Amino acid sequence: MTLILAATPLGNPGDASPRLKSAIENASIIAAEDSRRFHRLCADIQVTFTARVLSFFEGNEEDRTRELIAELKTGATVLVVSDAGMPTISDPGFRLMRDAIAEGIEVSVIPGPSAVTMSVALSGLPTDRFSFEGFPPRTAGARLATFEKLRFEERTMVFFEAPHRLTDSLVDAVNVFGADRLGAICREMTKRYEETIRGNLGELSAWASSNEVLGEITLVIAGAATDSASLTAADMVGRVREFEGAGMDRKSAIATVADEFGIAKRLVYAAVVDANKMSQ
């Protein structure tokens, strides 16, 4: 009994590895995110299979995981593939992998194409440290809150985004990270119309709002400058004290500084509270 997670091509079938082809040929059950796309992949890479193909997507992941664990316990070899890239990375598979490990079932991963690492390489931004943040929240308030938490993240950040939400996400990114923060939009990687747009977030936002955005999108954003959090906190506190010294009450001073820095009032408030604690 073996559970195998296998990376599949992002778009170009030529990226399918010999190990992937062999796993498809030898599996007894194949759990595919989209069975139609899986059949198309097999046709493109000229591989045949005898396995039973089961749909395995977000909507049925919990129930299907229990079913597949039962199959694994009877000796089945289960291969999990998503539509593109590595299963479990913003795709189904995590629960199944976790539960299989807990049951002592043998697990294996066949490496291969990854939109995350490919986009970092294409972006031209620092690659020594980076974080994958998945899809930003769909609603504006939640998305802004997520970006606020990442304001001082020093690693290069990678996001997946739907084409129809890219413009809104970039507007929010400009509001939080600033128009001058560097980034890249990687579109349709490995496919015929592959395109990478590089620039600062202001330029990327302008591009997204003036072009029809189609296809699979990965957004890469540069990390904050080293120690920017502490420097900005010191600047915020200093400005609050300047306004207080001029006769403004603290609440108004915090609101004024938040507006001046273009950031949330709670961040300025937190910086002032922390500074007061340190001075006591």
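The values are calculated or read from the model by the stated rules, or taken from the named source; none is laboratory data. Remember, it's a predicted structure, so these values are computed and weren't measured experimentally. No Cβ is skipped: glycine too gets one built from the backbone with ideal geometry, and neighbour counts run over all protein chains shown.
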Could you check segment 161-280 for helices (runs of 4 or more DSSP H) lying wholly inside it with 3 or more residues that are more than 26 Å from GLY124 (Cβ to Cβ) and of a type outside the set (Asp, Glu)?
-> 228-245, 250-261, 265-279
Every residue from segment 120-160 that is of a type in the set (A, V, I, L, M), assigned to a strand (DSSP E or B) and under 21 Å from ILE263 (Cβ atoms) | MET157
Conditions (1) touching a helix residue (DSSP H, G or I) at 6+ places or on another chain (Cβ under 6 Å); (2) within 30 Å of THR117 (Cβ to Cβ); (3) hydrophobic (A, V, I, L, M, F, W, C); number of the one not met by ALA233 | (2)
Within the bounds of segment 43-52, is there any residue that is closer than 16 Å to ILE110 by Cα and aliphatic (A, V, I, L, M)?
-> no
Can you tell which of ARG266, ARG192, ARG198 is within 30 Å of ALA162 (Cβ to Cβ), in the same structural domain as VAL176 (by TED's automatic domain parsing) and over 22 Å from the mean Cα position of the chain (by Cα)?
-> ARG192
Between a first residue in segment 14-31 that is assigned by TED's automatic domain parsing to the domain that holds GLU71 and a second residue that is of a type in the set (Asp, Glu) and crowded, with 17+ Cβ neighbours inside 10 Å, which pairs have beta carbons less than 7 Å apart while being 6 or more apart in sequence or on different chains?
-> ILE29/GLU71
For ARG192, state whether it is surrounded by fewer than 19 Cβ atoms within 10 Å (Cβ to Cβ) and among the charged types (D, E, K, R).
-> yes
Please tell me if VAL120 is buried (at least 17 other Cβ atoms within 10 Å of the Cβ), free of Cβ contacts under 8 Å to residues at least 60 places away in the same chain and on the phi < 0 side of the Ramachandran plot.
-> no
Out of contact with any Gly (no Cβ under 9 Å at 6 or more places or on another chain), at pLDDT 90 or above, over 26 Å from LEU10 (Cβ atoms) and not small (Gly, Ala, Ser) - does that describe any residue in segment 216-238?
-> yes
Determine whether GLU33 is surrounded by 15 or more Cβ atoms within 10 Å (Cβ to Cβ), in contact with a Phe, Trp or Tyr (Cβ under 8 Å, 6 or more places away or on another chain) and acidic (Asp, Glu).
-> yes
Find the residue count for segment 92-109, including only residues that are crowded, with 21+ Cβ neighbours inside 10 Å and within 21 Å of the chain's Cα centre (by Cα).
-> 3
Residue that is surrounded by the fewest Cβ atoms within 10 Å (Cβ to Cβ) [pool: residues in segment 211-257 that are closer than 17 Å to LEU170 by Cβ and among the aliphatic types (A, V, I, L, M)] | LEU214
